[in-house]
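The structure appears right after this line, and notes come after that.
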Amino acid sequence: MIKCIIVDDEPLAHDLVTTFCKRIPHLQVVAQCYDAFEALEWLNSNNVDLMFLDLHMPELKGFEFLRTLQAPPKVIVTTAYKEHALEGYELAIKDYLVKPFSFERFLKAVNKAIGSPSSVSNKQNNSEEKEGHVSRFFVKGEKEHYQINTKDILYVEAKGNYATMFMEKGEILVHEKISGLEELLPESGFLRVHRSFIISLNKITSMKGDVLIIGNHEVPIGQTYSKAIREIILNKK
């Protein structure tokens with residue numbers, strides 16, 4: 001479960017972020033603070049994975065508050081003022097949402113945030129990597145949003161403006177182009193083998209000519225990718 005805190009002086013902003021969080025599995029709002037001092041007091045005795053932070057709050061502004069934290073969680077800024085974006089990225093925020101924002105934009109920000117390590121949880125993330133845990137992200141299916149563990153992906157096939165993710169248990173039609181999914185997948189474990197296919201290197205069973213065997217599936221290797229893929233597979237072995 002990804003624990004979240006909302007820091008914003010506007011009740012309507014709390015309602016929106018809370019509603020969006022409820023639509024994403026394993027995202028849990030554990031605290032709602034209406035000014036920076038309340039948030040600082042809460043964070044002094046509690047840990048959190050992700051913070052949704054407003055900038056224009058009374059007394060202590062959002063970035064001023066962020067600078068006081070020695071080990072801040074991952075931060076997604078939620079503000080009505082777009083002119084502070086550069087300053088935010090200098091403070092290593094994960095994304096910058098300008099109000100009003102849609103659920104789709106919110107989801108992209110969450111994907112970006114949970115796919116990168118935070119200063120407060122580096123030690124935990126390193127231990128998880130050693131134990132074989134992998135990154136995760138959310139995708140929009142036909143009727144709902146799914147949390148994807150990259151370890152469960154066999155391969156991805158392009159379907160025009162959509163893509164099908166073939167998993168160890170079934171498949172999911174995703175409302176995302178294959179190029180967008182390629183950006184979400186970790187480079188170390190996944191490889192583009194064809195303009196229409198991305199595969200998980202760890203799931204390859206064998207290779208026959210210009211075809212990769214992944215379980216009961218056959219994935220073609222594109223001509224322009226063939227030489228590089230053969231070198232990677234030979235080196236992997």
- request: State whether one or more residues within region 149-172 are more than 17 Å from LEU212 (Cβ to Cβ), surrounded by 13 or more Cβ atoms within 10 Å (Cβ to Cβ) and modelled with pLDDT under 90.
  value: yes
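Taking region 46-60 as the search range and keeping residues that are among the charged types (D, E, K, R) and buried (at least 16 other Cβ atoms within 10 Å of the Cβ), which one is farthest from ILE114 (Cα to Cα)? So that I can check it myself, show each step before the final result.
Narrowing region 46-60 to residues among the charged types (D, E, K, R): 49, 54, 59.
Next, only the ones that are buried (at least 16 other Cβ atoms within 10 Å of the Cβ) stay: 49, 54.
Details: ASP49: 9, ASP54: 19 Å.
Per the criteria, the residue is ASP54.
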Checked region 192-213 for anything surrounded by fewer than 18 Cβ atoms within 10 Å (Cβ to Cβ) and either free of Cβ contacts under 8 Å to residues at least 24 places away in the same chain or within 11 Å of LEU154 (Cα to Cα) (or both); matches are LEU201, ASN202, THR205, SER206, LYS208, GLY209, ASP210, VAL211, ILE213
Residue pairs within 9 Å by beta carbon, gap of at least six or interchain, first lying in region 13-30 and more than 13 Å from GLN147 (Cα to Cα), second buried (at least 19 other Cβ atoms within 10 Å of the Cβ) and of a type in the set (D, E, K, R), listed first then second, are ALA13/ASP54; HIS14/ASP8; VAL17/ASP8
Considering region 84-115, residues that are over 24 Å from LEU181 (Cβ atoms) and charged (D, E, K, R), and then whichever is surrounded by the fewest Cβ atoms within 10 Å (Cβ to Cβ), we arrive at GLU90
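Within region 54-90, can you find the residues that are closer than 15 Å to LEU43 by Cα, of a type in the set (A, V, I, L, M) and touching a residue at least 40 places away in the same chain (Cβ under 8 Å)? Talk me through it step by step, then tell me what you get.
So in region 54-90, the residues closer than 15 Å to LEU43 by Cα come out as 62, 65-75.
Then keep just the ones that are of a type in the set (A, V, I, L, M); that gives 66, 69, 71, 75.
Of everything in region 54-90, just one residue is closer than 15 Å to LEU43 by Cα, of a type in the set (A, V, I, L, M) and touching a residue at least 40 places away in the same chain (Cβ under 8 Å), namely ALA71.
Among what's in region 190-206 and is small (Gly, Ala, Ser) and in a strand (DSSP E or B), pick the residue that is nearest to SER135 (Cα to Cα).
So, considering only residues that are small (Gly, Ala, Ser) and in a strand (DSSP E or B), the one nearest to SER135 (Cα to Cα) is SER200.
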Checking GLU187, GLU157 in turn, the sole residue that is in contact with a Phe, Trp or Tyr (Cβ under 7 Å, 6 or more places away or on another chain) and closer than 20 Å to ILE229 by Cα turns out to be GLU157
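The values are calculated or read from the model by the stated rules, or taken from the named source; none is laboratory data. Keep in mind it's a predicted model, so treat the numbers as computed, not measured. Please note: Cβ atoms are built from the backbone with ideal geometry, for glycine as well, and neighbour counts cover all protein chains shown.
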